[in-house]
């Protein structure tokens, strides 16, 4: 069914029903008989239901099928990328986090809140939307961070790819709470790339950040990826940008 017919059928049905509601039109077409009116009514309702099934329900079913399978695209890309890095003795982990508005309650001591006083504030928070299979049983799989925390927060705020060698830098400098530091204590490095919302009229990225793609690893020596002038770093940044573009289409 074409887009034009989807738009036109409801308009045509409305116009027909409006004309038939006029007494002069009913007399002209001999529609005063109740039985005929019922038949006409059934025909109009049937046409409306048929149009709804084709225009709405079928599209909705396709949408549900896509929702169930879309993450498979990420799974396939992640599997290939993880396999490539295993050749370098690096167990690469990949996760996607999306931004949402939330009221956050914090009571643990942080760099900005050393006394650990309970605070509540309205901010943007990252929620885990997808993780690679090798993160399935990791404690930080469903880690929640605000836009002011972590390497991912820095990437979202600056709208640029950001990286951190956590064997050199102090993780606490990223405004993490005690429980967050505990969950991420074994990470060797993190690379975060912002995901930009797509304008689906032009299929071009906008400047609005809707989330981030994170790459990290707990493998000893994996931080070598971030070495100055490292070819692997350039390749990794290029790959994470491709994943970001894919996520922009999927989420």
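The values are calculated or read from the model by the stated rules, or taken from the named source; none is laboratory data. Note that the coordinates shown come from a computational prediction; the quantities given were computed from them, not determined experimentally. As a convention, Cβ positions derive from the backbone with ideal geometry for all residues, glycine included, and neighbour counts pool all protein chains shown.
Condition (residue is more than 23 Å from residue 83 (Cα to Cα) and touching a strand residue (DSSP E or B) at 6+ places or on another chain (Cβ under 9 Å)) applied to the stretch 216-229: is it met by at least one residue?
no
Among the residues of the stretch 181-203, which ones are under 25 Å from residue 224 (Cβ atoms) and out of contact with any strand residue (DSSP E or B) (no Cβ under 7 Å at 6 or more places or on another chain)?
181, 183, 184, 185, 186
Results for (1) part of a helix (DSSP H, G or I); (2) in contact with a helix residue (DSSP H, G or I) (Cβ under 7 Å, 6 or more places away or on another chain); (3) closer than 30 Å to residue 226 by Cβ; (4) at pLDDT below 70, shown as yes or no for each residue.
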residue: 16; (1), (2), (3), (4): yes, yes, no, no
residue: 47; (1), (2), (3), (4): yes, yes, no, no
residue: 81; (1), (2), (3), (4): yes, yes, yes, no
residue: 89; (1), (2), (3), (4): no, no, yes, no
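Check off (1) free of Cβ contacts under 8 Å to residues at least 60 places away in the same chain; (2) surrounded by 19 or more Cβ atoms within 10 Å (Cβ to Cβ) for residue 202 and give me the number that stays unchecked.
(2)
Conditions: (1) touching a helix residue (DSSP H, G or I) at 6+ places or on another chain (Cβ under 9 Å); (2) at pLDDT below 90. Residue 107 meets all but one. Number of the miss?
Among (1) touching a helix residue (DSSP H, G or I) at 6+ places or on another chain (Cβ under 9 Å); (2) at pLDDT below 90, residue 107 violates only (1).
I'm trying to understand the selection: among the residues of the stretch 127-140, which are surrounded by 14 or more Cβ atoms within 10 Å (Cβ to Cβ) and touching a residue at least 40 places away in the same chain (Cβ under 8 Å)?
Across the stretch 127-140, the qualifying residues are 129, 130, 132, 134, 135, 138, 140.
Got a number for residues in the stretch 153-163 being touching a helix residue (DSSP H, G or I) at 6+ places or on another chain (Cβ under 9 Å) and in contact (Cβ under 8 Å) with a residue 40 or more places away in the chain? So that I can check it myself, show each step before the final result.
Of all residues in the stretch 153-163, those touching a helix residue (DSSP H, G or I) at 6+ places or on another chain (Cβ under 9 Å) come to 153-154, 160-163.
So of that shortlist, the ones also in contact (Cβ under 8 Å) with a residue 40 or more places away in the chain come out as 161, 163.
Qualifying residue count for the region: 2.
Tell me yes or no: at least one residue of the stretch 226-239 is closer than 23 Å to residue 76 by Cα and surrounded by 19 or more Cβ atoms within 10 Å (Cβ to Cβ).
Checked against the condition, which is being closer than 23 Å to residue 76 by Cα and surrounded by 19 or more Cβ atoms within 10 Å (Cβ to Cβ), the stretch 226-239 yields at least one hit.
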